[in-house]
Amino acid sequence: MKRLKIVTVGDYRKVVASQHIRKGELVIDMSHGEEIPIAEMDDGYYAFQIREDLFLGSREADAGDITCFINHSCDPNLAFRDGDTLLTNIRHIQAGEELCWDYSTSIDDGVFNMNCGCNSGNCRGTVSSFGQLDGATQQRLIPLAIRYIQEKYR
Ligand SMILES: [Zn+2]
């Protein structure tokens, strides 16, 4: 996928657009990871949740696999298309802009919590499980969320 590149800044890695990408033009297939039962999940995984009891991801980040390095933002430019495990861009992306999705739209394990430093205007300060978000935020994020969350909270 030549339109995207992985950029390393210190020990922080991110995925950046190499060129302008029109809304909806990008489709990133997130479905190729290893299935990880929820009981085996820990912070060492690069993973997101695809079902009530199942994550998808990998233990080791694959240096060439951009899906390992797409970070969270509370104001994301990516979202799950039709609830599926395909990320698409929900607005135009400028060359040099970082690609992000909202991790809360793909995690609902009840305990997930991490500090957020995305610096967006609507930053929530923490990234939590979908179920821990307030009702208004949940309603706003449901259209961006992965399928099992859409079905559970709709
Ligand atoms: Zn944030």
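Values in this text are rule-based calculations from the coordinates and carry no lab data. All values derive from a computational prediction rather than experimental measurement. Cβ atoms come from the backbone with ideal geometry, glycine included; neighbour counts cover every protein chain shown.
If you rank Met30, Met114 by fewest surrounding Cβ atoms within 10 Å, what's the result? Walk me through the numbers before you get to the answer.
On the way: Met30 21, Met114 12.
By the 10 Å Cβ count, ascending, the order reads Met114, Met30.
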Task: Phi-based couplings in Hz for the stretch 36-48 (Karplus 6.51, -1.76, 1.60; Gly and Pro marked x) - done: 10, x, 4, 5, 9, 6, 8, 5, x, 8, 9, 8, 9
Task: Cut-off under 5 Å, modelled amide H: who pairs with Thr126 long-range - done: Cys116
TODO: List every residue whose amide H lies under 5 Å from the amide H of Ile50, counting only residues 5 or more places away in sequence or on a different chain, with H placed 1.01 Å from N in the peptide plane.
DONE: Phe55, Leu56
Open item on the list: Compute the distance from the alpha-carbon center of the stretch 71-107 to that of the stretch 12-45, in whole Å.
Closed with: 9 Å
Task: Residue with peak Gaussian network fluctuation, the chain [Cα springs, cutoff 10 Å], from Asp43, Asp65, Asp84 - done: Asp43
Open item on the list: I'd like the Karplus ³J(HN,Hα) series for the stretch 75-81: coefficients 6.51, -1.76, 1.60, θ = phi - 60°, whole numbers in Hz, and an x wherever there's a Gly or Pro.
Closed with: 10, x, 9, 10, 8, 6, 7
Open item on the list: Cross-link candidates for Lys5: which lysines have Cα within less than 22 Å, leaving aside residues fewer than 8 places away along the same chain?
Closed with: Lys14, Lys23
- [ ] Could you quote the convex hull projected area for the chain, Cα atoms only and averaged over all directions, in nm²?
- [x] 8.6 nm²
- [ ] Using the number of other C-beta atoms within 10 angstrom as an exposure proxy, rank Glu151, Glu98 with the fewest first.
- [x] Glu151, Glu98
- [ ] Apply the Karplus parameterisation 6.51 cos²θ - 1.76 cosθ + 1.60, with θ equal to phi minus 60°, to every residue of the stretch 3-20 and state each ³J(HN,Hα) to the nearest whole Hz, in sequence, with x for glycine and proline.
- [x] 6, 10, 9, 8, 10, 10, 10, x, 9, 9, 10, 8, 9, 10, 6, 7, 8, 5
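Asp43 to Ile6: FRET efficiency via 1/(1 + (r/R0)^6), r the Cβ-Cβ distance, R0 30 Å, to the nearest 0.05?
Details: r = 21 Å, r/R0 = 0.69.
Efficiency, from the Cβ-Cβ distance: 0.90.
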Open item on the list: Given points 7 Å out from each Cα along the Cα-Cβ axis, report the Asp82 to His20 separation in nanometres with one decimal.
Closed with: 2.9 nm
Task: Cβ-Cβ FRET estimate between Glu34 and Cys123, R0 fixed at 30 Å, reported to 0.05 - done: 0.45
- [ ] Could you please rank His72, His32, placing first whichever residue has the fewest other Cβ atoms within 10 Å of its Cβ?
- [x] His32, His72
